[in-house]
Structures are given as structure tokens and as C-alpha cells.
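Chemist: One structure is given below, represented as C-alpha cells, and several questions about it will come after.
The values are calculated or read from the model by the stated rules, or taken from the named source; none is laboratory data. None of the values given here were measured: they were computed from a predicted structure. Note: ideal-geometry Cβ built from the backbone for every residue, glycine included; neighbour counts use all protein chains shown.
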Amino acid sequence: MRPTWAEINIEALKSNFLQVKRIVNRKVGVISIVKADAYGHGAIAVSRALIEAGSDMLGVATLSEALELRESGINAPIILLGGVLPNEAESVVKNDLTPSLFSLDSAEVLDKHAEKTGRKVKYHLKVDTGMGRLGVGVEEICGFLAGICSFKNLEMEGVFTHFANADKEACDFTLKQISVFKPVLSLITQSGCYPKYVHLANSAGIQRFPESHGNLVRPGIMLYGSGSTGEYDLKPVMRLKTRIIQLKKLSAGTPVSYGGTFVTKRPSLIATLPVGYADGYMRSLSNRARVSINGLTAPVVGTVCMDLTMIDVTGVQGVNVGDDVVLFGDDKVSIEDVARWADTISYELLSITGKRVTRTYV
Ligand SMILES: *Cc1c(COP(=O)(O)O)cnc(C)c1O
């Protein structure tokens, strides 16, 4: 095995899930968001652990993500957050998945397939209250309800919306989204639908907007131990690790890696790590990131390559080939640190963790 792996701490994951449960009222259910391979942590193992911890449902972005879970034997309710394309409807019905709906074309095809099975297909209506992305616009909702009610084999189980700015300091936009959503609920009941579930809150909403909890919440990033808005104790779940595969002494004035963007200023001890941007260790970390080694941190020097990265360990005592290096996820280097160095967010770093990085579950 190539010594670059992601340790996934299942206890930390469960502890973060319980943190969500502590924040929300005890009658509020949880859709654990496991899209993008559970933000890079491995959707099957993560989903099993979260169901064991008490998750009511799972949320994924795409049909193939849902099918992966079904094929692994997971039979919990799975919501397709990204909706359903007409050519996916048959599989959605067959595999007992819960689509989010915002298109009457998809609804029509779903209705046809549902009719064949003799069962009603449950769906969650997605409303766009300010994200400008998927969902039925608030001004189109009456027309949509008239259309969707004509399909006899569909049942509105839930209605939801998604926040655009819940993690931003200013609350006004989120409060506006919440207030725009309320009259939609009355319109829905007036149309004769009584959805069992109402949900709005992502991780930031859960932590900062109790009035948005409805009776179901949709945590993603906080389950993985990031995205804390300050008050709550979340534990990092992924620790990305590698091992030194070569050590070399370079004299002062020697360039390191493509383009010679780093040149040693002193006689230096440079370690090569078998990790690169193809593993999700972004090229923008070149000459910016630090890694954790032997209780200290060491800088990444030169450009990050596709498969390899160099660090300067001149200042670290007793370094040997084969020593463990933590790229993020311990108390010296957090995912938030690395995200800041890469000019991105923890979500991106986690979800691009490469296929060839082995996940080990501890
Ligand atoms: C990804 C996603 C979430 C989870 O968001 P976090 O910020 O990771 O908590 C919730 N709802 C929807 C619709 C999503 O697409």
C-alpha cells in the first residue's frame, strides 16, 4: 500500500452527530448529508455509522451516490437533493429513493413509474428562497402546486429550502429566506398537501438559526468536524497522513521541484512525501502550507506535484525515512488551516481527497 491514507475516526463522527442532536429539539429528525462520498470520508462506512448513531435519513446529490448506498445494503430513506432527471425516474422508484422535486417534467415521469408499481412515490418539494439554484421560485409556487397535485401517484412528504449565507456574520439574508419560506407553507396546506417534514437548516443554520430547524435538519460539514460557528465542540473526523519516502541534504542555493519556485537559503534537509494534487493536496499549497511531523510543523517547499510534495525538515530533530507526517487533522495542522493556505474552504479539500488515498476506519 502506498503510504498515503486518510484515517477516518468513526467515534468523532458519531460524537459530532450527537452534537447536532443536542443542539436541536428532541423532536427534530436528522438527514445526514453524505453526498460526494460523504465529503470524501467514504459514504458507505459513514452512512452505516450515522444510521447506527440514530440518523433518520441520508441525503445525497446524485442517483449514482444513492445507488451505491442501496447496493451496499443500506435501506434507510435516502433523499436525492439534486432532483431527478426524467431518465433517472425509473431507477428512483425501483430503489425506493426519495427525490426532491422542482420540475413538473420529472414529476410526470415519476408519476408514470409509480403507477406501474402501485405505490405512491414520496418526494420533497424544493423551494428556492434566495439561493438562486435548484428549486421552485416563491413566485411560481402556486402554479407548481396546481400542476403537481394532478399526479395521483406522488405524495409530498416534505418541503424544504436551502440557505445561501447562513455561515456569514450578517444574519439579514438568512432571516429573509426564513420569512419568505413561511407563506409557502400556508400555500401548500391550502393546496391540500400536508407534508410531514419541513426542513431548512444546513450546518450553519443548525448552529445559528434555531428558528430554522423545522422538524428535520440537514447537517453536512459539521458531521465531519468542520464548520463550527464557534460555540460548539466538533471533532475532526479525517486525518490525512503520509510517510517520508526520501530524505536528502541539499546545499544552499539548490532549487526544489518544478519551476524552482523554492531555492534553499541554507544547507537543508528536504523530505519527499508520496502525496500530490492528484490525491487532493492542492497545488495552491505550494510554498504555503505546513505539515505536522514529530510534534512540530514543517513548511511545504517548492510546487506540489501530481504525486509528490517536498517539505523542509531542517529544523526538525531526528527525522527518518518512514516517519509519519500529518497533512491535516491533528492539533498542529487543522483542515481549516490548510483550507486557508489553499484559499478555499474545508468542504473542497475534504471532498477532493483522491481515490487512491486509502481510507482506514479507526
Ligand atoms: C450540501 C447540502 C447540505 C449540507 O450543507 P453543510 O453546509 O455541509 O451542512 C444541506 N442541504 C443541501 C440541500 C445541500 O446541498
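Chemist: For the stretch 303-326, which residues satisfy the criterion of being of a type in the set (D, E) and in contact with a strand residue (DSSP E or B) (Cβ under 8 Å, 6 or more places away or on another chain)?
Modeler: Correct list: D312, D323, D324.
Chemist: On to the next question. On the basis of being β-branched (V, I, T) and at pLDDT below 95, does V357 make the cut?
Modeler: Numbers: β-branched (V, I, T): yes; at pLDDT below 95: no.
So V357 fails the test.
Chemist: Now for a separate question. Can you tell me which residue within the stretch 59-83, out of those that are in a loop (DSSP other than H, G, I, E, B) and among the polar types (S, T, N, Q), is nearest to the ligand (Cβ to nearest atom)? Walk me through it before giving the result.
Modeler: Going through the stretch 59-83, the residues in a loop (DSSP other than H, G, I, E, B) turn out to be 61-62, 72-77, 81-83.
Now drop any that are not among the polar types (S, T, N, Q), which leaves 62, 72, 75.
Numbers: T62: 11, S72: 21, N75: 22 Å.
Once the filter is applied, the top-ranked residue is T62.
Chemist: Take the residues of the stretch 100-124 that are aliphatic (A, V, I, L, M) and either in a helix (DSSP H, G or I) or at pLDDT below 95 (or both): which is surrounded by the fewest Cβ atoms within 10 Å (Cβ to Cβ)?
Modeler: L104
Chemist: Anything in the stretch 24-39 that is within 14 Å of the ligand (Cβ to nearest atom) and farther than 19 Å from H162 by Cα? List them, or say none.
Modeler: D37
Chemist: Do the conditions hold for G329, that is, is it under 18 Å from the mean Cα position of the chain (by Cα) and at positive phi?
Modeler: So G329 fits the description; yes.
Chemist: Of all residues in the stretch 280-303, count the ones that are of a type outside the set (A, V, I, L, M), in contact (Cβ under 8 Å) with a residue 40 or more places away in the chain, touching a Ser or Thr at 6+ places or on another chain (Cβ under 9 Å) and part of a loop (DSSP other than H, G, I, E, B). Give the derivation first.
Modeler: As a first pass, look at the stretch 280-303 and keep what is of a type outside the set (A, V, I, L, M): 280-281, 283-284, 286-288, 290, 292, 294-295, 297, 299, 302-303.
Those still in the list that are in contact (Cβ under 8 Å) with a residue 40 or more places away in the chain too: 280-281, 284, 288, 290, 292, 302-303.
Now narrow it down to the ones that are touching a Ser or Thr at 6+ places or on another chain (Cβ under 9 Å): 280-281, 284, 290, 302-303.
Subset that is part of a loop (DSSP other than H, G, I, E, B): 280-281, 302-303.
Within the stretch 280-303, residues that are of a type outside the set (A, V, I, L, M), in contact (Cβ under 8 Å) with a residue 40 or more places away in the chain, touching a Ser or Thr at 6+ places or on another chain (Cβ under 9 Å) and part of a loop (DSSP other than H, G, I, E, B) number 4.
Chemist: Scan M222, M282 and give me the residue that is closer than 30 Å to N25 by Cα, buried (at least 21 other Cβ atoms within 10 Å of the Cβ), within 21 Å of the chain's Cα centre (by Cα) and not small (G, A, S).
Modeler: Working: M282 fails: closer than 30 Å to N25 by Cα.
Only one candidate qualifies: M222.
Chemist: Taking the conditions exactly as written (more than 17 Å from V325 (Cα to Cα) and crowded, with 22+ Cβ neighbours inside 10 Å), does G227 satisfy them or not?
Modeler: Criteria met by G227.
Chemist: Can you say whether I51 is within 29 Å of K27 (Cα to Cα), β-branched (V, I, T) and more than 14 Å from the ligand (Cβ to nearest atom), as far as the supplied structure shows?
Modeler: For I51, the condition - within 29 Å of K27 (Cα to Cα), β-branched (V, I, T) and more than 14 Å from the ligand (Cβ to nearest atom) - is met.
Chemist: While we're on this one: If C193 passes every condition in (1) within 13 Å of the ligand (Cβ to nearest atom); (2) buried (at least 16 other Cβ atoms within 10 Å of the Cβ); (3) not in a helix (DSSP H, G or I) but one, which one does it miss?
Modeler: Failed condition: (1).
Chemist: Then there's this: Quick one: which of L247, L234 is touching a residue at least 12 places away in the same chain (Cβ under 8 Å) and touching a helix residue (DSSP H, G or I) at 6+ places or on another chain (Cβ under 8 Å)?
Modeler: After applying the criteria, what remains is L234.
Chemist: Can you tell me how many residues within the stretch 206-222 are in contact with a His (Cβ under 9 Å, 6 or more places away or on another chain) and within 8 Å of the ligand (Cβ to nearest atom)?
Modeler: Number of matching residues: 2.
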